Amino acid sequence: MRGAAAPVARWRRWNRAVHRDLGYLCLGLTLVYAVSGVALNHLHHWNPNYRIERRELPFPAPNPDAEMGEVVRRALALVGETRPVKSTFEPAPGVVQVFVEGNTLWVDLERGTLREERAAERPVLYFLNGLHLNRPKGGWTALADVYGVALAVLAVTGVLIPGGRLGPTRRGVWLTAAGILAPMLCLALR
C-alpha cells in the first residue's frame, strides 16, 4: 500500500502548490474584479465612474440684444470652462443649455442664474471599472483571458484539495452543485 500512496501524496503536494501559487498570483486581479463588479452591479443606484458636482451662480443679465453666442461665452467664462462646446439648446424662452464634454450649464436669463453640473471621475473606481469592462483592450485582454483560465484552474485544484479516501466531502458536492445551479436559475428566471 505504501507504494501506491507515494504517487498520490506527490500529486496532492503538487495540486496544493499549484493552487497556492495561482491564488497568490490572482489575488490582485480578483480584488480588482470584485470591487468593480460590485460597483457595476449597482448602476441603477449610483454612477460608480463619475460624481456629479452641482453649483448655482448669479448670472448678471446681459444686454437684451445679446445673441446666444455672447450668452454662451459669458457662461463659459464664469465657470472657467475652456473645453469646446459640443452643442447648445434653448429648452424655453430665456433659458440656454450649454453642453461641454463632462459639463452642462443651464443659464436662466429671467432669474439671473447659472446652474452647472460637472461630471468628475472617481479616480480609483473609474480606473478599476475600465479594467473590468476591458477598456484598455490589447494586452489587457490577453491578461484577462489568462486570469480567467487561472480562475478555472484554481476552482478545480481547490475542489481537489480536501479529498481524502472518500473523495470530496458531501458538503463540497452540495456547495459545488449550488454554485453551478445559481447561474442556471438566474438564466431561467429572467
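General observations
- When the strands (runs of 3 or more DSSP E) confined to the range 47-113 are screened for residues that are touching a residue at least 24 places away in the same chain (Cβ under 8 Å) and among the aliphatic types (A, V, I, L, M), those reaching at least 1 such residues are found at 50-58, 95-100, 103-108.
- Criterion (basic (Lys, Arg) and over 30 Å from His42 (Cα atoms)) met by exactly one of Arg135, Arg74, Arg122, Arg118: Arg74
- Candidates in the range 27-51 are the residues that are among the aliphatic types (A, V, I, L, M) and exposed (fewer than 12 other Cβ atoms within 10 Å of the Cβ); of these, the one that is nearest to Thr88 (Cα to Cα) is Leu43.
- Condition check for Tyr24: open to solvent by 70 Å² or more (accessible area, probe 1.4 Å) and out of contact with any Phe, Trp or Tyr (no Cβ under 6 Å at 6 or more places or on another chain): yes
- Matching residues, the range 105-120, being open to solvent by 30 Å² or more (accessible area, probe 1.4 Å) and out of contact with any Phe, Trp or Tyr (no Cβ under 6 Å at 6 or more places or on another chain): Trp106, Asp108, Leu109, Glu110, Arg111, Glu117, Arg118
- Taking each residue of the range 134-147 that is part of a loop (DSSP other than H, G, I, E, B) and looking for partners that are surrounded by 13 or more Cβ atoms within 10 Å (Cβ to Cβ) with beta-carbon atoms closer than 8 Å, six or more apart or interchain, yields Asn134/Trp140; Asn134/Ala144; Pro136/Gly130.
The values are calculated or read from the model by the stated rules, or taken from the named source; none is laboratory data. Values in this document were obtained by computation on a predicted structure and should not be read as measured data. In this analysis, Cβ positions are derived from the backbone assuming ideal geometry, glycine residues included, and neighbour counts consider all displayed protein chains. In case anyone asks, the SASA skips ligands and DNA or RNA and just uses the protein heavy atoms, side chains included. Shrake-Rupley method; radii C 1.70, N 1.55, O 1.52, S 1.80 Å.
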